[in-house]
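Trainee: Below is one structure. I have some questions about it.
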């Protein structure tokens, strides 16, 4: 396309007049941005304060359901315990599976909850419950934790995405949903590639044309936007204003920009690489990143599966915690390790464990969390919660509290108030800093 | 747990009755549009609310075409309307659009959103809806088709998709039926009496569910009913209760159960289980009362039909005016009164007395002054609150409307001008292929919701997706960009682009902005025209119905 004498080789004259055009538009855009408010759901002052603190979440989603016995709640020597040992951690009295030695050495950042009691044991239903913190209700579409965090901690004019969701393994694909919060808070996906869709300029249009036509769009949209004042109308221009910033964030997805030594810490596998991307995104101000690791659904060969997947989790998660801590990001970043449910105490004939949601585990690290704590207790064979049952809504409330978001604050669906965490949920204070 | 529902009425000790006395309403024989304007104007006057003036020809044409045909007007239609000097051109336009093949397609698309919102593009169901829309089938008959259709009839069988696709979850079927046909979201009353809406008790949820719980679907996909079966439920206090066949109005209905001995019942249940699981199992003969049929009967019965009639009147009103008279539209109950209760009552009565003719209602709304107010508010004073309907809202297009409009706008406009195309049969074919092309595009956009926010994904799609660049913005002769390229004069090209995309002439300011842009890019005019078209296609004027 480039040919001598064309715009691309850049006559000065030409460049000047186009800059003039852009300059005039930038002023228009700025005026417009000042009118742009998300909505009046909540106290603006409080929301602004939260956003200033720049808090973030990385969700490591163990798709398919990891076994609590082979991770955070080992039962060595019991008939249900399986072949692996428990090892001490650097937190006094807290033991976890020997499959997670590096995490064991970093328990000062992490609180374990061993008493999840969520009952739902089908993949879809369990994932929906754990992602939204509530049972689905006919006629309502609830937002997942990513959308809620994006809504509460994201900035409307953010130059980076506010909810990024990565999955690549076939079985780990769940879109997640922003529910009634609307498409503004839908996740940006990485499904096929390591880079989101439509983030890169096509080669058939030059950068300056790409920029100028957006400026022309603003000029032409101005009158309509001024005479039609609604947050819905404003959202369209806000979306177009965010395009260039989001495009510039493409480099965040490029781990080639990290030193080789850093990449090695996270490991060569895709999960580790995605964790590294997650750190890069968080550092750039993305409030919520989900990295899904599949497929933990070990109905057969549970112990082989966990030996492999836990090694991967152990390396990636410990590298992530170290990296965040060294950069001073961990105190503002909450790392959640969670799946849709745990696995049965009974070991089946194929040496597998099946779906189980009556007594299982997750972990929370970093922002707002009291490290080195194991909350709740299962009975000696892990069949039931013996102490401190935690429901999905309670976990949701705990996560929000750790981020400084009041779980009892409310959204309005029309005139219907809905608390952020399900009615009657209680945060687990023992794991909060 | 459910969201808690409306708290608005907490101060109202006395609940408003849903039915007023007919004698207090405007006369039944007054034209719909006059009745609408009477009630709407009365409220704005009483509350001293300022109202927007009537909108101009170009905007009205656009609004009517989007609302009645589901797409923007073509350049030919835009020219014809603004140039017409007929005193009755608005009525002529409304009647032309309502009679055009476009209306049926659009009406089908809108009904699909109400009836099967979580399962768009269900081919069978869309086939039924189009068939019904093309003959303006009575809404009560459609209700009967969808709940109790005859499996041997091609179209009624397709209508049963409403039940068939939901039968695996009878709670979902119960609530979906209640929301779609009665405007009542009863899901809050499933686990306990509704905490904040006095009207809805567990008895209502399970009463409604009783009519639906006998339904089953065979492996061959036939929707059938067991001749027995009652619903039991447990109250919050742990008391087990048996539900009655009870409608939302509290009306109890007698639904017979087949008297069978223990052995006979076992046998029949076994046969039903087999039919549900096996392809070649014999289908048990239907016997006795149809519980779903009884639900249809009671819901349409004089004295109990106000939910059914008010719901569809309210939903059509929302379609045309952006907000229900009762808002949200699934919250018809005494604690959430209509903004204009007499108007809703009158419209519902009119529907009942005129054979649930939805086209008649749509026509009436389209001809009202309330409908044709401007959407612009430039005065320094606060705009009127939406429930006054004193200012037309800018409504985001549905994914389907947006997709169709993009396809219409990006074509070389002389395509739509062809005389041959104006024949209804030819136009129907054209519309059908446009619908098919729009399927893929529509999937890229989100359906509008309360407080809708356009996602950055949409802007990224328009900015960087190759289908935008290589299809909508292609510069071949069959596309708008190709058409403009062949027009030598810049201003003429700008005028054409505005007419095609925004159905109007550009203002001087807009013209000079684009002229400046073209001049700055004179080294590659085709590319510059492409970017100018992009800037208009991505503008709010095309994204919103205003």
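Trainee: Once the convex hull of the C-alpha atoms of region B:46-183 is built, how many Å³ does it hold per residue, rounded to a whole number? Write out the running numbers ahead of the final one.
Mentor: Working: hull volume 22.5 nm³, N = 138.
Convex hull of Cα atoms, per residue: 163 Å³.
Trainee: At 7 Å along the Cα-to-beta-carbon direction for both residue B:234 and residue B:515, put a label point, then send me their distance in nm to one decimal.
Mentor: Distance between the two pseudo-spin positions: 7.8 nm.
Trainee: Taking the Cα centroid of region B:148-219 and of region A:242-306, what is the distance between the two, rounded to the nearest whole Å?
Mentor: Using only Cα atoms to place each centre, the spacing works out to 44 Å.
Trainee: Inverting the mean 1/r over all pairs of different Cα atoms, compute the Kirkwood radius of region A:143-279 and quote it in Å.
Mentor: Details: mean 1/r = 0.0586 Å⁻¹.
Kirkwood hydrodynamic radius for region A:143-279: 17.1 Å.
Trainee: Would you mind calculating the gained length between residue A:53 and residue A:262 on full extension (0.36 nm times residue separation, minus the Cα-Cα distance), in nm to one decimal? Walk me through the numbers on the way to the answer.
Mentor: Values: separation 209, 0.36 × 209 = 75.24 nm, distance 2.67 nm.
In short, 72.6 nm is gained.
Trainee: For chain A, what mean projected area does the convex hull of the alpha carbons give, in nm²? If you can, show how the numbers build up before the last one.
Mentor: Values: hull surface 93.7 nm².
The number I arrive at for chain A is 23.4 nm².
Trainee: First check a/c for chain B, with a ≥ b ≥ c the square roots of the eigenvalues of its C-alpha gyration tensor; if it is under 1.5, answer rounded, and if not, answer prolate when a/b is larger than b/c or oblate otherwise. It would help to have the intermediate numbers written out before the result.
Mentor: Values: a/c = 2.22, a/b = 1.61, b/c = 1.38.
In terms of gyration-tensor shape, prolate.
Trainee: Hey, what's the Kirkwood Rh for region B:100-164 if you take every pair of different alpha carbons, in angstrom? Mind dumping the intermediate values first?
Mentor: Numbers: mean 1/r = 0.0870 Å⁻¹.
About 11.5 Å, per the Kirkwood formula over Cα pairs.
Trainee: Another question, if that's okay. Hey, got the Cα dimensions of region B:339-447 along the principal axes, in Å, largest first?
Mentor: Cα extents, longest axis first: 45, 44, 29 Å.
Trainee: Also, I was wondering about something else. Summarise the partner chain shielding of A:243-256 as one whole number: the mean count of Cβ atoms from other chains within 10 Å of each residue's Cβ.
Mentor: For peptide A:243-256, the averaged partner shielding equals 1.
Trainee: Turning to a different aspect of this structure: Which of rounded, prolate or oblate describes region B:395-545 when judged by the alpha-carbon gyration tensor and an a/c cut-off of 1.5? Could you put the intermediate results ahead of the total?
Mentor: Numbers: a/c = 1.70, a/b = 1.18, b/c = 1.44.
Oblate, because a/c is 1.5 or more while a/b does not exceed b/c.
Trainee: Let me ask something additional. With N residues in region B:303-395, what two-decimal value do you get for its Cα radius of gyration over 2.2 N^0.38 Å?
Mentor: Numbers: Rg = 13.8 Å, N = 93, 2.2 N^0.38 = 12.3 Å.
For region B:303-395, the normalised Cα radius of gyration is 1.12.
Trainee: Per residue of B:167-174, count partner chain C-beta atoms within 10 Å of its C-beta, then hand back the mean as an integer. Each step should come with its number before you reach the end.
Mentor: Working: counts 0, 0, 2, 0, 3, 4, 1, 1.
Going residue by residue through B:167-174 and averaging, the value is 1.
Trainee: A further question on this structure: In nm, give the distance between the simple-model label positions of residue B:433 and residue B:492, each being 7 Å from the Cα along the Cα-to-Cβ direction.
Mentor: Roughly 2.8 nm, to one decimal.
Trainee: Quick one: divide the alpha-carbon radius of gyration of region B:166-300 by 2.2 N^0.38 Å and tell me what you get. Please list the in-between numbers first.
Mentor: On the way: Rg = 15.7 Å, N = 135, 2.2 N^0.38 = 14.2 Å.
Its radius of gyration relative to the 2.2 N^0.38 Å reference: 1.11.
Trainee: Applying 1/(1 + (r/R0)^6) with R0 = 35 Å to the Cβ-Cβ distance of residue B:134 and residue B:34, what FRET efficiency is obtained, to the nearest 0.05?
Mentor: Values: r = 29 Å, r/R0 = 0.84.
Calculated transfer efficiency: 0.75.
Trainee: Using only Cα atoms, locate the centre of region A:58-116 and the centre of region B:324-403, then give the distance between them in Å, rounded to an integer.
Mentor: Going from one Cα centre to the other spans 58 Å.
Trainee: Once you have a ≥ b ≥ c as the square roots of the Cα gyration tensor eigenvalues for region A:56-127, tell me rounded if a/c is under 1.5, and otherwise prolate or oblate according to whether a/b is larger than b/c.
Mentor: Working: a/c = 2.13, a/b = 1.25, b/c = 1.71.
Oblate, since a/c reaches 1.5 and b/c is not below a/b.
Trainee: What fraction of the Cα pairs in region B:189-246, stated in percent, has a spacing above 20 angstrom?
Mentor: Details: 567 of 1653 pairs.
Summing the P(r) of region B:189-246 above 20 Å gives 34 percent of all pairs.
Trainee: Give me the tail of P(r) for region B:372-411 as a percent: Cα-Cα pairs with distance above 11 Å. Each step should come with its number before you reach the end.
Mentor: Values: 557 of 780 pairs.
Counting pairs separated by more than 11 Å, the tail of P(r) holds 71 percent.
Trainee: Quick one: work out Rg over Rh on the C-alpha atoms of region A:219-349, Rh as Kirkwood radius.
Mentor: Working: Rg = 20.8 Å, Rh = 18.0 Å.
With Rg and the Kirkwood Rh in hand, the quotient comes to 1.16.
Trainee: What distance in nm lies between label points placed 7 Å from Cα along the C-beta direction at residue A:384 and residue A:159?
Mentor: About 5.7 nm separates the two model spin labels.
Trainee: Taking other Cβ within 10 Å of each residue's Cβ, how do B:431, B:120 sort, fewest first?
Mentor: Values: B:431 22, B:120 17.
Result, fewest neighbours first: B:120, B:431.
Trainee: Another question about this same structure. Hey, how many Å between the Cα centroid of region A:351-408 and the Cα centroid of region A:188-224?
Mentor: That distance is 42 Å.
Trainee: Let me ask another. Rounding to the nearest 10 and keeping the result within 0 to 90°, find how far the Cα-based axis of helix B:399-410 lies from the longest principal axis of chain B.
Mentor: Its long axis makes an angle of about 20 degrees.
Trainee: Using only DSSP helix segments of four residues or longer, with each worth -39500 (n - 2.57), what per-residue ellipticity at 222 nm results for chain B after dividing by its residue count and rounding to 500?
Mentor: Values: 25 runs with 276 residues, N = 546.
Helices in chain B give a 222 nm mean residue ellipticity of -15500 deg cm²/dmol.
Trainee: Relative to the longest principal axis of the C-alpha atoms of chain B, give the angle of the C-alpha long axis of helix B:202-212, reported between 0 and 90° and rounded to the nearest 10°.
Mentor: Tilt relative to chain B: about 90 degrees.
Trainee: Out of every Cα-Cα pair in region A:202-253, what percent are more than 14 Å apart?
Mentor: Details: 816 of 1326 pairs.
For region A:202-253, the share of Cα pairs beyond 14 Å comes to 62 percent.
Trainee: How much length is gained on full extension from residue B:261 to residue B:153, taking 0.36 nm per residue of separation minus their Cα-Cα distance?
Mentor: Details: separation 108, 0.36 × 108 = 38.88 nm, distance 3.41 nm.
Gain in length upon complete extension: 35.5 nm.
Trainee: Taking the Cα atoms of the protein assembly as shown, what is the range of coordinates along each of the three principal axes, in descending order and whole Å?
Mentor: Rounded to whole Å, the extents work out to 93, 90, 59 Å.
Trainee: Here's another thing I want to ask about it. Hey, what number do you get for chain A at 222 nm if only DSSP H runs of n ≥ 4 count, each worth -39500 (n - 2.57), divided across all residues, to the nearest 500?
Mentor: -11500 deg cm²/dmol
Trainee: Next up: Determine the principal axes of the Cα atoms in region A:232-305, then give the extent along each, sorted from largest to smallest and rounded to whole angstroms.
Mentor: So the three principal-axis extents are 54, 33, 15 Å.
Trainee: Can you give me the angle between helix A:302-326 and the longest principal axis of chain A, using Cα atoms only, in degrees from 0 to 90, rounded to the nearest 10?
Mentor: It works out to around 50 degrees.
Computed from the coordinates by the stated procedures, all read-outs in this text should not be read as laboratory data. For clarity, every value in this text was computed on a predicted model and none was experimentally measured. Glycine gets a Cβ as well: all are built from the backbone with ideal geometry, and neighbour counts include every protein chain shown.
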